[in-house]
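The values are calculated or read from the model by the stated rules, or taken from the named source; none is laboratory data. Since this is a predicted model, take the numbers as computed values, not measurements. Cβ coordinates were reconstructed from backbone atoms using ideal geometry, including for glycine residues, and neighbour counts include every protein chain displayed.
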Amino acid sequence: MNRKNILIVGAGFSGVVIGRQLAEHGHKVTIIDQRNHTAGNAYDARDKDTDVMVHIYGPHIFHTDNETVWQFVNRFTKMMPYINRVKATVNGQVFSLPINLHTINQFFGKTCSPDEAKALIAEKGDSSITEPKTFEEQALRFIGKELYEAFFKGYTIKQWGMQPAELPASILKRLPVRFNYDDNYFNHKFQGMPEDGYTCLINSIADHENITLELNRSFNHEERASYDHVFYSGPLDAFFGYQHGRLGYRTLDFEKFTYQGDFQGCAVMNYGSVDVPYTRITEHKYFSPWEKHEGSVCYKEYSRSCGENDIPYYPIRQMGEMALLDKYLTLAEAEQNITFVGRLGTYRYLDMDVTIAEALKTADDYLNSLENKQSMPVFTVSVR
């Protein structure tokens, strides 16, 4: 197999995982990123005053059922045990999320058994809604008005800038109700945090003699001719100069503050009321429970529509955006010697484990395309 000259745009998980796989097969890889750091939005760094490891762009918690992905990250870091236990302040009380038996009993002032709780929630649900089409209908059908308004309605309005009646029912399917006392937010076999942080993990993956890493460097279309193939993990619409307009995203603002001692006693505290302008407060030393710190670093997190100069976080993927996305996909599919990857390149919300799994698959697809002398597809996953 001839050694190829590869350009990868973006030094987040998508870019460095693809780069590592190709570098290990002898290809020459250049990874560029317009920011002054690696790891994309998973970037973390020590706070200079408290020495707390801070997730600069908001918390990232690693969870997966994919053993291949879990083994891959463990090649490059020690994954420490971590269970995400989210709390929510509602009506002057603190509850556990996701909604579980403790939440139900506390909220309704009951001492229900699992079967009694199931019956209670079934009674609260609106059985007249037979085929929920919206987020709101899904919630009213399966958990009822009281729990919906307490835990989901206000939080959703703040997070998405939309009424729940405008959002698809599929969003709520990711938020299970449990009829036991399990308050582990994720239901995955493997869960943890990299002992030395995500930035260290990313840098370790990128540390290979066949990889050249260049920060503070933006992508230039003219340089494509110098490479055999490009893997692009930047925004899809940006690649085409926003010629059809900008795809819709939500972005986040963070209000950082420090505290001497423990501020809230947990990593994540949600605030569901629309009267509270932020969606949650995160206390970052709780993301590294194996460390001990006297001081604490906290973020108040605010969600809003993404502007031209903002960092895009969550693709909206509503009807108007999907029509616009189709225009960009048509442009992309006419390209050659480039593959669009990752959250921004495919305009999809992706957890870290899915991002890594897709990157591993993309690298395999490219290696197979070389071996079989076939063209590499522009997308290796379904994006419509």
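If you take the residues of the range 175-199 that are among the hydroxyl-bearing types (Ser, Thr, Tyr) and crowded, with 16+ Cβ neighbours inside 10 Å, which of them is nearest to ARG85 (Cα to Cα)?
TYR185
Filter the range 143-166 for residues that are in a helix (DSSP H, G or I), free of Cβ contacts under 8 Å to residues at least 60 places away in the same chain and touching an Asp or Glu at 6+ places or on another chain (Cβ under 9 Å) and give the result.
Within the range 143-166, GLY144, LYS145, TYR148, THR156, PRO164, ALA165 meet the criteria.
Given the conditions (1) in the same structural domain as SER170 (by TED's automatic domain parsing); (2) in contact with a Ser or Thr (Cβ under 8 Å, 6 or more places away or on another chain), report the number of the one that PRO114 does not fulfil.
Single failed check for PRO114: (2).
For the range 301-315, what are the residues that are surrounded by fewer than 20 Cβ atoms within 10 Å (Cβ to Cβ) and within 18 Å of the chain's Cα centre (by Cα)?
Within the range 301-315, TYR302, ARG304, SER305, ASP310, ILE311, TYR313, TYR314 qualify.
When you scan the range 286-324, how many residues do you find that are in a strand (DSSP E or B) and under 23 Å from ALA165 (Cβ atoms)?
6
Among (1) surrounded by fewer than 21 Cβ atoms within 10 Å (Cβ to Cβ); (2) closer than 24 Å to MET322 by Cα; (3) out of contact with any helix residue (DSSP H, G or I) (no Cβ under 7 Å at 6 or more places or on another chain), there is one condition PHE239 misses while meeting the rest; what is its number?
(1)
Hey, does the range 72-80 have a residue that's part of a helix (DSSP H, G or I) and either in contact (Cβ under 8 Å) with a residue 12 or more places away in the chain or in contact with a Leu (Cβ under 9 Å, 6 or more places away or on another chain) (or both)?
Scanning the range 72-80, I find at least one residue that is part of a helix (DSSP H, G or I) and either in contact (Cβ under 8 Å) with a residue 12 or more places away in the chain or in contact with a Leu (Cβ under 9 Å, 6 or more places away or on another chain) (or both), so the answer is yes.
Go through THR330, THR339 for me and flag whichever is modelled with pLDDT of 95 or more and surrounded by fewer than 16 Cβ atoms within 10 Å (Cβ to Cβ).
Unique residue meeting the criteria: THR330.
Name the residue that is nearest to the chain's Cα centre (by Cα), counting only residues in the range 87-120 that are in contact (Cβ under 8 Å) with a residue 24 or more places away in the chain and part of a loop (DSSP other than H, G, I, E, B).
Filtering first and then ranking leaves PRO98.
Kindly establish whether ALA150 is buried (at least 21 other Cβ atoms within 10 Å of the Cβ), under 21 Å from ALA45 (Cβ atoms) and either among the aliphatic types (A, V, I, L, M) or within 22 Å of the chain's Cα centre (by Cα) (or both).
No; evaluated as a whole, the condition is false for this residue.
Select from the range 122-139 the residues that are in a helix (DSSP H, G or I) and either closer than 23 Å to SER303 by Cβ or touching a Gly at 6+ places or on another chain (Cβ under 7 Å) (or both) and list them in ascending order.
Passing the criteria: LYS124, PHE135, GLU136, GLU137, GLN138, ALA139.
Tally up the residues in the range 21-71 that are farther than 16 Å from ASP353 by Cβ, among the β-branched types (Val, Ile, Thr) and in contact with a helix residue (DSSP H, G or I) (Cβ under 8 Å, 6 or more places away or on another chain), please.
Counting residues in the range 21-71 that are farther than 16 Å from ASP353 by Cβ, among the β-branched types (Val, Ile, Thr) and in contact with a helix residue (DSSP H, G or I) (Cβ under 8 Å, 6 or more places away or on another chain) gives 6.
All but one of (1) assigned to a strand (DSSP E or B); (2) surrounded by 20 or more Cβ atoms within 10 Å (Cβ to Cβ) hold for TYR347; state the number of the condition that does not hold.
The one condition TYR347 does not meet is (1).
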